[in-house]
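Engineer: Handing you this structure, nothing more for now.
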Amino acid sequence: MPIIVQKYGGSSVATTEKIKAIADRVLATKKQGNDVVVVVSAMGKTTNNLISLAQEISSNPNRREMDFLISTGEQVSSALLAIALQELGQDAISLTGWQAGMITENIPANARILSIHPSRVQQHLREGKVVVVTGFQGVTEFGKDGDIMTLGRGGSDTTAVALAAALKSKTCEIYTDVDGVYTTDPRMVPEARKLDKISYEAMIELAGVGAKVMHPRAVEIGSFYNVDIVVRNSHNENPGTLITKESATMEQKNRVSGIAYENEVAAISIAGVIDQPGVAAKIFSALAEVGINTDIIVQATNTSGHTDISFTIPKAEANRAKEILEKIGEEVKAEKVTVRNEIAKISIVGTGIKNHPSYAATMFKVLAEKNINIHMIGTSSIRITCVIDKEKTAEAVQLLHEAFELEKG
């Protein structure tokens, strides 16, 4: 039988009534002649509540213990869904990430999947069961520590697509509380249009710069293992958005697929470091060793032989990054390390836009006409990103969506 992997997010499993509704949907998929593996997030605000409990005890709780704590949320929702399926007469079993064979690196709160050994999942499927797996988590190698690790933001998406790849499933269905992927956030721009299809590459860029409907790590896995990803609403039967290979078409009139933004961003500047080979390597290696991702890196050298290096990171990592960089500041002769929090990233994304300078020119002109200052600029082959003041985010998104006529399709 073909294997279908479905993932349900926290809002979809927020109550027992919603879990019962998901059980009905899963059973319908099973009755269509499919083997079904379901990946679930924690119920509603469970993870946030668990974090709050820890912070009532410690302002800086141990990261390993935090992973051990917050991993319990998914165990609750997976067990409840298995029970709901059993009540409908469908044999089902819930498994933790490690029981499903999910092996990760040893980086608490942001571990990456090293390998998956799905033999137990496959055995249960052969027995006719629906297998419900906890998202967002795995375990380090048993020959070493065997510690529970969580995968960071969007970790349940990553779990689902990775399981689909390991089980050689051609499709992974991501169920959420929206109808699919939109040209931008429809809560900010009511005219935003749902996309029927988007390429892996464009979705990775959109997700990487703030589109929260999918996590870029999950889409990267889908692209590498050729797993089609369908983003759908768990509350209706609408077809959703297909994330797949770029189709071979004639050159498009409008290459912009969507507008993404990210508000939870900080910019760090290291001023006055010595301008010599190896300095940047020391700075970014120190951040990489603790799993802090960086983006939009700008270096400006002055005539005195010193340079300023600036870059963006997730806002939640700002204090930790500043502490790390201040420790190595003397080694790289830094004058000071500063953090700017009230910023946002806004991006236009679309295949091939870098090869058409009119897109960048239009973006900069539209922002300039409304006195929206650009602090930093970053590009890829299919993305142009500007760092702006956070308070200007909504206005900038609306202006760019209109300028590129994304509501028209």
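Engineer: Within the group 349, 387, which residue is touching a residue at least 60 places away in the same chain (Cβ under 8 Å), crowded, with 16+ Cβ neighbours inside 10 Å, in contact with a Lys or Arg (Cβ under 6 Å, 6 or more places away or on another chain) and over 28 Å from residue 245 (Cβ atoms)? Full working, then the answer.
Structural biologist: Details: 349 fails: over 28 Å from residue 245 (Cβ atoms).
The match here is 387.
Engineer: Just one of (1) assigned to a strand (DSSP E or B); (2) at pLDDT 90 or above trips up residue 285, so point out which.
Structural biologist: (1)
Engineer: Of the residues 46, 29, only one is under 15 Å from residue 137 (Cβ atoms), surrounded by 15 or more Cβ atoms within 10 Å (Cβ to Cβ) and free of Cβ contacts under 8 Å to residues at least 60 places away in the same chain; which?
Structural biologist: 46
Engineer: Regarding the range 333-353, can at least one residue be identified that is farther than 30 Å from residue 211 by Cβ, at pLDDT below 90 and of a type in the set (Ser, Thr, Tyr)?
Structural biologist: So far as the range 333-353 goes, no, none of its residues is farther than 30 Å from residue 211 by Cβ, at pLDDT below 90 and of a type in the set (Ser, Thr, Tyr).
Engineer: How do the helices (runs of 4 or more DSSP H) wholly within the range 1-86 filter down when requiring 2 or more residues that are among the charged types (D, E, K, R): which remain?
Structural biologist: On the way: elements: 16-31, 46-57, 63-70.
Of the helices (runs of 4 or more DSSP H) lying wholly inside the range 1-86, those with at least 2 residues that are among the charged types (D, E, K, R) span 16-31, 63-70.
Per-residue answers, yes or no, for (1) touching a strand residue (DSSP E or B) at 6+ places or on another chain (Cβ under 7 Å); (2) closer than 17 Å to residue 227 by Cα; (3) among the aromatic types (Phe, Trp, Tyr):
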| residue | (1), (2), (3) |
| --- | --- |
| 116 | yes, yes, no |
| 121 | yes, no, no |
| 139 | yes, no, no |
| 148 | yes, no, no |
| 152 | no, no, no |
| 163 | yes, yes, no |
| 169 | yes, yes, no |
| 174 | yes, yes, no |
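Engineer: So, of the residues in the range 82-100 that are in contact (Cβ under 8 Å) with a residue 40 or more places away in the chain and under 24 Å from the mean Cα position of the chain (by Cα), which turns out to be surrounded by the most Cβ atoms within 10 Å (Cβ to Cβ)?
Structural biologist: 97
Engineer: Can we say residue 379 is farther than 30 Å from residue 290 by Cβ, among the β-branched types (Val, Ile, Thr), touching a helix residue (DSSP H, G or I) at 6+ places or on another chain (Cβ under 7 Å) and at pLDDT below 95?
Structural biologist: Values: farther than 30 Å from residue 290 by Cβ: no; among the β-branched types (Val, Ile, Thr): yes; touching a helix residue (DSSP H, G or I) at 6+ places or on another chain (Cβ under 7 Å): yes; at pLDDT below 95: yes.
No: the conditions fail for residue 379.
Engineer: Can I ask one more? Regarding residue 194, is this residue surrounded by fewer than 21 Cβ atoms within 10 Å (Cβ to Cβ) and within 30 Å of residue 395 (Cα to Cα)?
Structural biologist: The answer is yes for residue 194.
Engineer: Restricting to the range 267-318, give me the number of residues that are in contact with a Ser or Thr (Cβ under 7 Å, 6 or more places away or on another chain) and at positive phi.
Structural biologist: Qualifying residue count, the range 267-318: 1.
Engineer: Would you pick out the residues in the range 15-51 that are among the small types (Gly, Ala, Ser) and at pLDDT below 95?
Structural biologist: Correct list: 44 only.
Engineer: Mind telling me which of the residues 184, 171 ends up being modelled with pLDDT of 90 or more and touching an Asp or Glu at 6+ places or on another chain (Cβ under 8 Å)?
Structural biologist: Result of the check over 184, 171: 171.
Engineer: Output the residues belonging to the range 221-241 that are closer than 17 Å to residue 10 by Cα and part of a loop (DSSP other than H, G, I, E, B).
Structural biologist: Across the range 221-241, the qualifying residues are 234, 235, 236.
Engineer: Any idea which of (1) surrounded by 13 or more Cβ atoms within 10 Å (Cβ to Cβ); (2) aliphatic (A, V, I, L, M); (3) within 19 Å of the chain's Cα centre (by Cα) is the one residue 288 doesn't satisfy?
Structural biologist: Just one mismatch for residue 288, condition (1).
Engineer: Taking the range 298-318 as the search range and keeping residues that are among the β-branched types (Val, Ile, Thr) and surrounded by 14 or more Cβ atoms within 10 Å (Cβ to Cβ), which one is modelled with the lowest pLDDT?
Structural biologist: 307
Engineer: I'd like the full set of residues that are crowded, with 18+ Cβ neighbours inside 10 Å and in a strand (DSSP E or B), limited to the range 352-384.
Structural biologist: Once the filter is applied, which keeps residues that are crowded, with 18+ Cβ neighbours inside 10 Å and in a strand (DSSP E or B), the range 352-384 yields 376, 378, 383, 384.
The values are calculated or read from the model by the stated rules, or taken from the named source; none is laboratory data. Since the structure is predicted, the reported quantities are computational estimates derived from the model, not experimental observations. In this analysis, Cβ positions are derived from the backbone assuming ideal geometry, glycine residues included, and neighbour counts consider all displayed protein chains.
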